[in-house]
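The values are calculated or read from the model by the stated rules, or taken from the named source; none is laboratory data. Keep in mind that what you see is a predicted model, and the values were worked out from it rather than measured. Cβ coordinates were reconstructed from backbone atoms using ideal geometry, including for glycine residues, and neighbour counts include every protein chain displayed.
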Amino acid sequence: MELKPFHYWLLTFSLTIAGIVTLPTAARILLIIVAVGHGALLVRGIVDLKSQFFCTARCAGPPMSQQVCLTFDDGPDPAITPDILHILQRYGYVATFFVVARKAAQHPDICRRALAKGHTIACHDLTHSYLSNVRFTGRAYTEIKQALTIITEVIGRRPMLYRPPVGLMNPHIARALSRLGLHCVGWNRSTRDGGNRMLPKIRRIATLAAPGAIIMLHDVAPVAAYRAEVLAQIEALCAAIKQMGLHPVGVGDMFKVASYA
Ligand SMILES: [Zn+2]
């Protein structure tokens, strides 16, 4: 088992709690401050995949590489994914689609079309429930494995790339990913658009291009009034990537790991 910062955290936190319980009052006050610091570290580990706290998460490529990864989460969505595929095709770009397995089962043709055009299909869990982040290891393992089975039935290949819902991590999901042999993928550039729900942030999509960036976008249809803006911004992002001389690649290619088993 690969030791991660969480394992050292667990050891020192346990010693801190033991000290609070057993040592005199003066030492206890100091140790309570240390315990609060531990709490802050844990929260950062949960909310920030880049911290690598629970597991290795691929969040950025080499900045000198001129490569960039376009990633789309939460689809497929027949109301917008085909339009995104069309834009990407016009630029000759490939992207990585982190699909929700239940949606992939509902719209298998979109996944197969994306795969046929050279895009990567990756796993974004079974249902993308917010409860996904409070599962124990056994349930996380079962549901992610079920997601992989569904996606495999849809595209004929078992994904090896996984992105946790909302980008939150914990020791249970980390353990499940390790058992399933999956690579965890984060990102380092996003607008935090709330799944295409926040127009001011959607309008910043075109500014996300950067060498080595893993750009996180959503292929979920926004409310009708925002739809044209989302597509225009994705188009503008592609134009910016072209102007900067960057080369979009699949996540597996950027990190030289297998995208499929
Ligand atoms: Zn998501």
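Let's see how each residue does on (1) part of a helix (DSSP H, G or I); (2) within 16 Å of the ligand (Cβ to nearest atom); (3) among the charged types (D, E, K, R):
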residue	(1), (2), (3)
152	yes, no, no
157	no, no, yes
178	yes, no, no
196	no, yes, no
Practice item. Would you point out which residue out of 20, 87 is in contact with an Asp or Glu (Cβ under 6 Å, 6 or more places away or on another chain), more than 16 Å from the ligand (Cβ to nearest atom) and either under 24 Å from residue 117 (Cα atoms) or not acidic (Asp, Glu) (or both)? Key: 87
Check your understanding: Considering segment 72-115 alone, what residues qualify as being charged (D, E, K, R) and in a helix (DSSP H, G or I)?
Key -> 83, 90, 102, 103, 109, 112, 113
Review point. Going by the structure shown, is residue 232 under 30 Å from residue 9 (Cα atoms), more than 16 Å from the ligand (Cβ to nearest atom) and modelled with pLDDT of 95 or more?
Key: no
Exercise for review: For segment 128-146, name all the residues that are among the aromatic types (Phe, Trp, Tyr) and within 16 Å of the ligand (Cβ to nearest atom).
Suggested key: 130
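Looking at 74, 83, 125 in this structure, which one is without any contact (Cβ under 8 Å) to a residue 60 or more places away in the chain and either exposed (fewer than 14 other Cβ atoms within 10 Å of the Cβ) or of a type in the set (D, E, K, R) (or both)?
Only one candidate passes the filter, namely 125.
Per-residue answers, yes or no, for (1) within 16 Å of the ligand (Cβ to nearest atom); (2) at pLDDT below 95:
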| residue | (1), (2) |
| --- | --- |
| 58 | no, no |
| 64 | no, yes |
| 68 | no, no |
| 71 | yes, no |
| 92 | no, no |
| 95 | yes, no |
| 102 | yes, no |
| 105 | no, no |
Practice item. Report, by residue number, each residue of segment 194-223 that is more than 17 Å from residue 100 (Cβ to Cβ), of a type in the set (D, E, K, R) and either touching a residue at least 12 places away in the same chain (Cβ under 8 Å) or in contact with a Pro (Cβ under 9 Å, 6 or more places away or on another chain) (or both). Key: 203, 204
